[in-house]
Amino acid sequence: MLQPANLQPPTIDDIRAAADRIKGAVIRTPMLVSRTLSEMIGAEVWLKFENLQFTAAYKERGALNKLLQLSPEERARGVIAASAGNHAQAVAYHAKRLGIPTTIVMPESTPTVKVTQTKGFGATVVLHGDMFDDAYAHARELALEKGYVFVHPFDDPQVIAGAGTVAVEMLEDAPDLDTFIVPIGGGGLMSGVAIAARALKPDIELIGVEAELYPSMKCAIEGCHMPLGGDTLAEGIAVKHPGELTSRIIKDYGVGVALVSERDLERAVAMLVGIEKTVVEGAGAAGLAAMLAERERFKGKKIATLLCGGNIDTHLLANVLVRDLVRQGRIARLHVAAHDQPGALAAITAKVYEAGVNVIEINHSRIFTRLPAKDTMIEVECEARDPESIDDVVARLEAAGFRVERASLD
């Protein structure tokens with residue numbers, strides 16, 4: 001998967017040229033300070049809303065910069081790309097605008113919303129393999145077989161230069177920033193940001209963020225060996241092998257890499273919906289997840305992070321939001337042991353009602369339980385305005401003689 005070692009990084013002049021090239025075809029997204037998140041983190045927190053691009057991700061910047069520099073002969077041959085979704089949509093959308101035939105190879109695990117949207121932009125979609133690396137290898141084979149121009153999602157100087165335009169905008173809008181926190185998958189975004197930021201503000205701290213399950217860039221630049229793989233909410237940055245060029249840039253530009261857990265990714269996605277009223281996919285929430293995990297590290301700083309994508313499956317988003325309510329203590333599942341006799345259920349629901357809590361669902365378990373045959377396990381799923389109300393329910397049930405256990409996500 002590595003690109004030739006002689007690839008040269010783009011310069012700040014390349015990034016400025018890319019900004020002029022894509023101007024008007026890519027949205028200059030808002031860059032806003034979040035008062036609520038700033039109070040929570042103890043820092044001045046700025047958000048770059050790249051999830052508001054037409055395809056809901058920053059990938060348009062690099063893809064368009066690459067496509068605009070193809071020769072007429074290359075455009076006629078058509079392009080091919082491998083992507084878990086956002087790069088796919090970016091290439092497909094802008095290639096259609098430019099009249100360039102497009103084929104996209106995506107992993108079979110790609111969320112349906114990303115597959116559907118990519119097809120909607122007129123691309124031919126090929127689903128292949130379990131991970132990005134499988135799709136990448138197949139796309140390379142098709143490029144050789146069919147003569148397509150391969151548009152790399154990250155390890156390409158023109159793609160990196162396009163991605164770097166976002167950092168120029170961020171420092172224009174908030175010149176006093178002292179820290180950038182940027183999600184890392186293959187490293188294209190972080191590479192472009194690092195080159196632009198170091199040129200414009202040499203002392204700025206640069207932190208890349210990977211999902212804990214996929215620490216590929218961290219290991220590439222630090223020489224470490226860590227387990228790699230699994231189901232992550234941040235599938236957009238679930239890359240097993242980062243780029244050769246991007247790894248060199250990130251190491252040379254002194255970028256530190258932080259890892260974030262799935263729990264913190266879930267919490268960050270939910271908080272951005274609840275606080276900022278904006279939908280962000282797991283990869284796009286990685287920067288906020290890092291801040292939440294290490295608040296003391298960022299206390300007092302002026303930080304910016306990129307909400308780099310917003311293409312999350314709606315059913316998955318619903319699960320994340322409900323799980324967050326569980327962790328907040330506003331939704332609970334109580335296992336209540338009771339005598340299997342008339343009136344037991346009524347007594348339980350009465351205590352729930354007295355606490356001002358709403359019952360979502362009730363289940364009886366008479367067979368699959370270790371309780372005596374004359375007893376039953378009643379599962380009560382309930383929702384409250386605050387955790388204290390759930391505590392009140394438990395206290396009332398226990399005072400009435402019931403044994404209660406709470407189900408947990410952890």
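The values are calculated or read from the model by the stated rules, or taken from the named source; none is laboratory data. Since this is a predicted model, take the numbers as computed values, not measurements. Don't worry about glycine lacking a Cβ; one is built from the backbone with ideal geometry, like all the others, and counts go over all protein chains shown. For accessibility, only protein heavy atoms count, side chains too; no ligands or nucleic acids. Shrake-Rupley method; radii C 1.70, N 1.55, O 1.52, S 1.80 Å.
The sole residue among Glu244, Glu262 that is without any contact (Cβ under 8 Å) to a residue 60 or more places away in the chain and touching an Asp or Glu at 6+ places or on another chain (Cβ under 8 Å) is Glu262.
Just so you know, in the stretch 65-76 the residues that are out of contact with any strand residue (DSSP E or B) (no Cβ under 6 Å at 6 or more places or on another chain) and either in contact (Cβ under 8 Å) with a residue 12 or more places away in the chain or among the basic types (Lys, Arg) (or both) include one that is surrounded by the fewest Cβ atoms within 10 Å (Cβ to Cβ), and it is Gln69.
Within the stretch 329-351, is there a residue that is closer than 19 Å to Met271 by Cβ and either open to solvent by 50 Å² or more (accessible area, probe 1.4 Å) or without any contact (Cβ under 8 Å) to a residue 24 or more places away in the chain (or both)? Yes: the stretch 329-351 contains one or more residues that are closer than 19 Å to Met271 by Cβ and either open to solvent by 50 Å² or more (accessible area, probe 1.4 Å) or without any contact (Cβ under 8 Å) to a residue 24 or more places away in the chain (or both). Answer yes or no as to whether Thr102 is more than 20 Å from Met217 (Cα to Cα), in contact with a strand residue (DSSP E or B) (Cβ under 7 Å, 6 or more places away or on another chain) and free of Cβ contacts under 8 Å to residues at least 24 places away in the same chain. No. Among the criteria (1) touching an Asp or Glu at 6+ places or on another chain (Cβ under 7 Å); (2) over 25 Å from Ile22 (Cβ atoms); (3) modelled with pLDDT under 85, the one Glu108 does not fulfil is (3). Considering only residues in the stretch 1-58 that are among the basic types (Lys, Arg) and under 16 Å from Leu288 (Cβ atoms), the one that is least open to solvent (accessible area, probe 1.4 Å) turns out to be Lys48. Scanning the stretch 360-386 for residues that are exposed (fewer than 14 other Cβ atoms within 10 Å of the Cβ) and not polar (S, T, N, Q) yields Ile360, Glu361, Arg366, Ile367, Phe368, Arg370, Pro372, Ala373, Lys374, Arg385, Asp386. Does Gly236 satisfy the condition of being under 20 Å from the mean Cα position of the chain (by Cα), under 30 Å from Arg323 (Cα atoms) and surrounded by fewer than 14 Cβ atoms within 10 Å (Cβ to Cβ)? For Gly236, the condition - under 20 Å from the mean Cα position of the chain (by Cα), under 30 Å from Arg323 (Cα atoms) and surrounded by fewer than 14 Cβ atoms within 10 Å (Cβ to Cβ) - is not met. Enumerate the strands (runs of 3 or more DSSP E) found wholly within the stretch 354-410, keeping only those where 2 or more residues are farther than 14 Å from Ile331 by Cβ and touching a residue at least 24 places away in the same chain (Cβ under 8 Å). Strands (runs of 3 or more DSSP E) meeting the threshold: 375-383, 403-406.
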